[in-house]
Amino acid sequence: MQLPSQPTLRHRVEFRLFRAFDRLLSAFPRTTVQAVGQGLGALAFHLDRRHRKVAIENILASDLGFDEAKAREVAKASFRHFGALLLSSIPLMHAEPLELDALVKVEGLEHFDVAAAEGKGFIQLTGHYGNWEAIALAQSRHGRCLAVIARELDNPLLEPELVRLRRRFGNEVIPKDGGVRGALKALKAGKGVGFLMDQDALGMGGFVKFMGRWASTFLTAGTLAVKFDLPILPVFSWPEPDGTIIVRFEAPFHAPLSGDLNRDVWTATQAMARRIEDQVRKDPRWWFWMHRRFKTQPRDGQTVPPQEWVESYSAAFPPQA
């Protein structure tokens, strides 16, 4: 979307509110900010009937096997988590290096180094799970920078603020408009490109299995991984009971190549969706259940992959123990 050339009155009001809110949050301890955020999330769970319904329906329709009471419990925990995340994200991005080190514990950086050592760039994979902003911020603090594709904010006064914070320790921000071109440039320079792979792609994606259901998923990351035989580096984060955040990199992997581009892109995309699914199953409370991830279903000419592809995928990527 093209941003307006001149800020409107609404943009100026939003910017002033952001500045005031930012100063207010910085005056309180981190634990207080998180507790208030959790309280606001719990309040939203009770007041926001539409998103509460979406979250509970998503959980019940998944293959987690939860009953309605358990689904409601997980949905409420997810609301509380994202309330805390929303309120604490700006203070987190302002955190000084030593403060950030105390708050975010990074594990598995050797896997980042293995992926980077191939020298042709790589796909860094995560989802709307835990705190994805903390991932990018903390890894760049440790000298492992990447390029992140991000949609520009509608407010032209707030957008530079967000970009500045995301670039603090050396990360690159690629605007979503023209994101493929920017991703190719970053890969050519040997950088990792970050993708969040768990959003509904509407009619622009391909169907992969996710949490027991078909889900329309963007194919960009899978296409890049296959065309350039790139390593895929999964990384996830989650909060600990004491309020700290764990960021853990997993071992990189390559998608198998058969020579059939469409098949290989689907296989790579399914493998990435499966990695996110595996993490969600470990603790469903930290995933963004209130998003209508499964809104787009196979119909109107949109087809699921051939059974042969599904079977060969299952052979190449057996379920984790």
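Here are a few things to note about the model shown:
- Straight-line reach from K105: taking Cα to Cα under 25 Å and skipping same-chain neighbours fewer than 8 places apart, the lysines in range are K191, K282.
- Segment 27-70-segment 203-242 distance, computed between alpha-carbon centres (Å): 24 Å
- Debye, to nearest 20: dipole size of segment 227-321, +1 on Lys, Arg Cβ, -1 on Asp, Glu Cβ: 360 debye
- Within segment 194-240, the proportion of Cα pairs with more than 15 Å between them is 54 percent.
- Within the chain: Cβ-based charge dipole about Cα centre, in debye rounded to nearest 20 (Lys, Arg +1; Asp, Glu -1): 880 debye
- Computed E for A35/E118 - FRET, C-beta separation, R0 51 angstrom, nearest 0.05: 0.70
- Annotation: lysines with alpha-carbon distance below 29 angstrom to K188 (same-chain offsets under eight excluded): K120, K176, K227.
- For the chain, built as a Gaussian network whose Cα springs stay under 10 Å, the top-fluctuating residue of A115, A69, A221: A69
- Counting neighbouring Cβ atoms within 10 Å and putting the fewest first, the residues W238, W287, W214 line up as W214, W238, W287.
- Calculated from the structure at hand, P(r) over Cα pairs in 20 Å bins from 0, in percent is found among (1) 26, 33, 19, 15, 7, 0; (2) 29, 46, 15, 6, 3, 0; (3) 30, 61, 9 as (3).
- For segment 38-117, the square roots a ≥ b ≥ c of the C-alpha gyration tensor eigenvalues yield an a/c of 1.5 or more together with a/b not exceeding b/c, which makes the shape oblate.
- The Cα-based radius of gyration and maximum Cα-Cα distance (Dmax) for segment 1-79 are 18.1, 51 Å.
- Using C-alpha pairs under 8 Å with a sequence gap of at least 6, the mean separation divided by the residue count of the chain gives a relative contact order of 22 percent.
- In terms of Cα atoms, the Rg and Dmax of segment 235-321 work out to 16.0, 49 Å.
- Gyration tensor verdict on segment 155-220 (Cα atoms; rounded if a/c is under 1.5, prolate if a/b is larger than b/c, oblate otherwise): prolate
- Charge dipole of segment 130-234 (Cα centre as origin; +1 on each Lys and Arg Cβ, -1 on each Asp and Glu Cβ, all else neutral): 400 debye, rounded to the nearest 20.
- Estimated 222 nm signal from helices in the chain, with DSSP H stretches of n ≥ 4 weighted -39500 (n - 2.57), rounded to 500: -16000 deg cm²/dmol
- Neighbour-count order for F210, F169, fewest beta carbons within 10 angstrom listed first: F169, F210
- Charge sum, other residues only, whose C-beta stays under 12 Å from V36's C-beta, Lys/Arg counted +1 and Asp/Glu -1: +2
- Fraction of antiparallel bridges per DSSP, the chain only, in percent to nearest 5: 40 percent
- Cross-link partners of K209 among lysines, defined as those whose alpha carbon lies under 16 angstrom from its own and excluding same-chain residues fewer than eight positions apart: K295.
Bear in mind that the values in this text are calculations on the coordinates, not laboratory data. This structure is a prediction, so every number in the text was calculated from the model and none was measured. Backbone-built Cβ (ideal geometry, glycine too); neighbour counts: all protein chains shown.
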